[in-house]
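What follows is calculated from the coordinates using simple rules that are stated; it is not laboratory data. None of the values given here were measured: they were computed from a predicted structure. All Cβ positions, glycine included, derive from the backbone under ideal geometry; neighbour counts span all protein chains shown.
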Amino acid sequence: MTELDVRDLPPSERHGRIHGAFEELAPGETLTVVNDHDPKPLYHEMAVERPAFDADGYESEREGPSRFVAEFPKAADRDAPGADRARIADLDGEPHADAFPGREPKTIRLSLEAGERVPGHEHPDRTVLFHVLEGAVDVALDGDLHRVEAGEILRFGGESTVEPTAREESVALVALAPRPAE
């Protein structure tokens, strides 16, 4: 297990350092991050940005007023050839569940209660497909609101700041496809 204490780093450098340390992990290893604030925004970022992040194995604990410890496991290698299949209703994890941990494109089931939102974030170098399966979600892209209802798909570039808010209890399937290098 690798431990990274980022409390002494400038805030602008923390997530980059954490992502770098996570990438260096071998499959099946865990990165333990010590920070001075709740790691929930980092969890959301990792859940959608890092295909190898095993969101189901994530744990976090507040150990004091300025000490939070979170474990970010890297999914084990899966060499099975052929197709992968997942049943959306069977996916564990709230509000995010990774349908195919460690696989591209990153595919997330997002479940939100009425009024629940995911804080604004970006998905650089990705094209995002946001497919509402149940309910209705207001998706703010760089502040512009897009209402997406059950059966509709919203496609956008990951450089936009996205902030989804459920208008009612909702389930969406979000695919984050890597963009080819230009």
Expected sort for 158-165, 84-91 on mean C-beta neighbours within 10 Å, highest first, is 158-165, 84-91
Yeah, region 69-182 with a ≥ b ≥ c from its alpha-carbon gyration tensor (a/c under 1.5 is rounded, else prolate when a/b outruns b/c, oblate otherwise) is prolate
Counting sequence-distant residues (5 or more places) and residues on other chains, those with an amide H built under 5 Å from that of ARG167 are GLY115, ALA136, VAL137, ASP138
Between the Cα axis of helix 40-49 and the main Cα principal axis of the chain, the angle (0 to 90°, nearest 10) is 70 degrees
Diffing region 143-158: the Karplus 3J(HN,Hα) column from phi (6.51, -1.76, 1.60, θ = phi - 60°), in whole Hz with x for Gly and Pro, holds x, 7, 8, 10, 7, 10, 10, 3, x, 9, 10, 10, 10, 7, x, x
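Please state the shape class of region 87-129: rounded when a/c is under 1.5, otherwise prolate if a/b exceeds b/c and oblate if not, all from the C-alpha gyration tensor.
Values: a/c = 2.46, a/b = 1.06, b/c = 2.31.
Because a/c hits 1.5 or more and a/b fails to exceed b/c, region 87-129 counts as oblate.
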Taking Cα atoms, the helix 11-24 axis meets the longest principal axis of the chain at an angle in degrees (rounded to 10) of 90 degrees
Per the C-alpha gyration tensor (a ≥ b ≥ c, the square roots of its eigenvalues), region 1-160 is rounded if a/c is under 1.5, else prolate if a/b beats b/c, else oblate; here it's oblate
Ranked output for segments 128-135, 36-43, 150-157 by mean other Cβ atoms within 10 Å, highest leading, reads 128-135, 36-43, 150-157
